[in-house]
Structures are given as C-alpha cells and as structure tokens.
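The values are calculated or read from the model by the stated rules, or taken from the named source; none is laboratory data. This structure is a prediction, so every number in the text was calculated from the model and none was measured. As a convention, Cβ positions derive from the backbone with ideal geometry for all residues, glycine included, and neighbour counts pool all protein chains shown.
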Amino acid sequence: MKTIGLLGGMSSVASAEYYRLLNERVNAQLGGHAAPEIVLRSVDFGIFERCVRTQAWTEAANYLSERAQQVERGGADFLLLAANTPHRVAPQIAAAISIPFIHIVDVTADAARAAGNTTLGLLGTEPVMEPGFYRDRFAAGGIDVVVPEIEDQQLVHHSIFAELTRGVISDRTRQQYMRIIDGLVEQGALALVLGCTELGLLITPNDVSGLPLYDTTSLHVDRAIELALELRPLPS
C-alpha cells in the first residue's frame, strides 16, 4: 500500500472529514482492521484565513509549501491538499515537492467528463468562484463553469468561514443555498460542484434530487484510495 500524504484542510472540520473518509473507505475495500497509512500535517487555519482575507498569496504559498515538504519527508508517496481554496497556490506547492500532487479540480473534472456533464454550477469560497485558478483549471479540461451572482457569492463565502469551518450547520443557510442552486440551474448548470470541503456537510444528494452532485472531497478521497491501493498508477 502506498502512503497517503495529507496536508490538513484549512479548518479542523476539513481535516477530520478527509481522515474519516480515507479510513472508512480503505477499510470498506480491504475489510478486517485494515486502514490506510497517512502522513498528516495539519496547519494553522488562522494564518491561512488571514492570507485569504488580505490576498497574501505569496505568504500562503511559502507557508503551505514548507509544510508539504515536511509531509514528503515523513514518507508520503503522493500529496493531497485537503481543501479547495488553497489550490490557489497549488503550482507553487507542487513545484516544492518531488512526489505527485493530486489536484482536486482534475479528479472532479474527470468525473464530470465521464458522465457527460460539461457545464457545472460551482459553489465555494470567493477565491474559488471568482475568475482565475479554479475555473481556469476546469476550462483547460473542457468544462464550463457557472457561478452565483456577486451577492450570493458573498453569502456563500461568509457562511463557509462563519459557520461551516466552525462545524455549524444551519437549516436557514441550507435554504439560502437551495435558492442559489436553482439559479445555477437556470444558468444552464447540468450538475453541481461542491468546491469547498465543508459544503458536503450542508448539501447532500438528497437536497438536490435529480441534479448530479460532485463533492470534491469525496472524489479526491476516492482517487487517493485508488492510488494508495495501487489500483491506478501514480502520475508522473
């Protein structure tokens, strides 16, 4: 079994969800008391939150790259960055390590293309939804992305930092999201991308019956398990 490198989600909620899913799904595959080998390096969410708020992306890249190197030195065979927003500095992190970096957008785009869904509604933090790194990565893979109006982007962003990263799940917030999701469908979305680790705790397939749901965390974990169990070769 390959060793999974996990650079902890920017909140403890995200880190815990990745760790739980990796353990549950490997055990489901192998049975008994089987569990994955994981090198986990958690980070200070307060530092990253400040970097997002002040757009200090060079500082964020340096901070996360140094910790990614620590994961590699710990014996990891490949690296997952257990959050969506920090993928803003994924190129810098990938360049700082010699093990493969498994990009969360790539695994999500693979799933969408396989299902023939090439126009996706996207929810996440403001850096994820605004033009740039995240949407550009989808576009490079032949996937069009639609996002909410600016006011609704701000609502989603605020709910992630004020509620979801603190483990707060609100029915009122869920109802606001359902309205926003209806708007994405009206824009032509054929499926929905949960572009934030914590969003899967708020929005489930039962909430969007009939609309394919791509939970980036779940897809990222599934790819990691394929790599760890050597069901798929490590990317070069």
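Structure notes:
- Conditions (1) more than 23 Å from L229 (Cβ to Cβ); (2) out of contact with any Cys (no Cβ under 6 Å at 6 or more places or on another chain); (3) in contact (Cβ under 8 Å) with a residue 24 or more places away in the chain; (4) assigned to a helix (DSSP H, G or I); number of the one not met by A60: (2)
- When I225, I181 are screened for being within 23 Å of R135 (Cα to Cα) and crowded, with 18+ Cβ neighbours inside 10 Å, only I181 passes.
- One residue stands out among those in region 1-31 that are outside any helix (DSSP H, G or I) and β-branched (V, I, T): the one that is farthest from F101 (Cα to Cα), which is T3.
- Taking the numbered list (1) at pLDDT 95 or above; (2) surrounded by fewer than 20 Cβ atoms within 10 Å (Cβ to Cβ); (3) touching a Lys or Arg at 6+ places or on another chain (Cβ under 8 Å) in turn, G141 passes all entries but (1).
- Any hit, region 100-107, residues being modelled with pLDDT under 95, touching a strand residue (DSSP E or B) at 6+ places or on another chain (Cβ under 8 Å) and closer than 25 Å to N62 by Cβ: no
- Among all residues of region 158-180, there is at least one that is aliphatic (A, V, I, L, M), under 22 Å from G210 (Cα atoms) and in contact (Cβ under 8 Å) with a residue 40 or more places away in the chain.
- Just one residue in the set A94, A76, A83 is touching a strand residue (DSSP E or B) at 6+ places or on another chain (Cβ under 9 Å), at pLDDT below 95 and not in a strand (DSSP E or B); that residue is A83.
- The single condition among (1) outside any loop (DSSP other than H, G, I, E, B); (2) modelled with pLDDT of 95 or more; (3) more than 25 Å from P212 (Cα to Cα) that A35 does not meet is (1).
- Any hit, region 113-134, residues being among the hydroxyl-bearing types (S, T, Y) and modelled with pLDDT of 95 or more: yes
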